[in-house]
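The values are calculated or read from the model by the stated rules, or taken from the named source; none is laboratory data. What you are looking at is a predicted structure, and each value in this text was computed from that prediction instead of being measured. All Cβ positions, glycine included, derive from the backbone under ideal geometry; neighbour counts span all protein chains shown.
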Amino acid sequence: MENIKSNENITDITEVIENSFRGWFSRMDVSEYKWKLVSDNQNEPTQVHFYKEDTNDTLSVSLSTLFDRCLKEYKHHLDGFEAKEKRRVEEEIREKKDKLLEDKVNEVIESYELFLKQKVKDELHDRMTNEENEDFDEELKFILTNIRKMVDELSKNRSGIYYGDGNRRMRSISIQKEWYLENYDKLTQIILSVDPEHKPSSQKNDTNDYGTQFMKLDDDYSNLSYSVKWKFYEKLDLLLRKMKKSKISYWYSNQS
């Protein structure tokens, strides 16, 4: 004789039951069913009977099946939560790294801006005053037209260090080799701030068959190295545009 433990007042069960019949699975929504725990004699309950009053619509499910189903649902939920949390942490780390790289590259660009401003002024002054300079011109003036030409000359010369990638504007500009060699360690330190295992290149630049030289921060052409170079030359492009649009007061100022 069956021993029935009734829970007729609880009607908000929303578990969806899976049934198996010859390898086929179906799902049944029992959210509108009442349920009872059923056992043989005085033993512990082994089944749950789902039913609707005044109908013959019933369903019996073993407790072990129901528990397994609940555990699977919980594990699925837990796995989804863990995966979501993992993605959140990875995204947070990535954003912090990007912010760090951005700040470090900005510092180096500011350094190069001060260097290039002084280089433009020194070169123009030498051409205006030094008769031994092959480009000597006593009528040359320190005016915006000549300043802008000098910016172009110093940022688009074959002896400079190029990026070699990016858009057309980024590929066409270079930095002064003397500054690059003096500040190579600063550029590699940017990568080391994110990746302490980074190994700087044994050779500081690549040279193609035409003699054009390119920035080289590591021997493996890593994604991090590529990212630093891309950020640097992208900001360099913006810097050169700014310098060419600046008023004469900018060039007399010692501030960038």
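The condition of being part of a helix (DSSP H, G or I) and in the same structural domain as Asp195 (by TED's automatic domain parsing) holds for only one of Leu71, Leu114, that being Leu114. Looking across the range 108-140 at every residue that is in contact (Cβ under 8 Å) with a residue 40 or more places away in the chain and among the aromatic types (Phe, Trp, Tyr), the one that is nearest to Lys231 (Cα to Cα) is identified as Tyr112. Exactly one residue out of Ser202, Ser249, Ser225, Ser193 is hydroxyl-bearing (Ser, Thr, Tyr), touching a strand residue (DSSP E or B) at 6+ places or on another chain (Cβ under 9 Å) and not in a strand (DSSP E or B): that is Ser225. Just to be sure, is Ser64 of a type in the set (S, T, N, Q) and not in a helix (DSSP H, G or I)? No. Within the set Leu78, Leu101, Leu140, Leu124, the sole residue that is surrounded by 10 or more Cβ atoms within 10 Å (Cβ to Cβ) and at pLDDT below 85 turns out to be Leu78. Across the range 212-256, the number of residues qualifying as exposed (fewer than 14 other Cβ atoms within 10 Å of the Cβ), hydroxyl-bearing (Ser, Thr, Tyr) and under 21 Å from the mean Cα position of the chain (by Cα) comes to 2.
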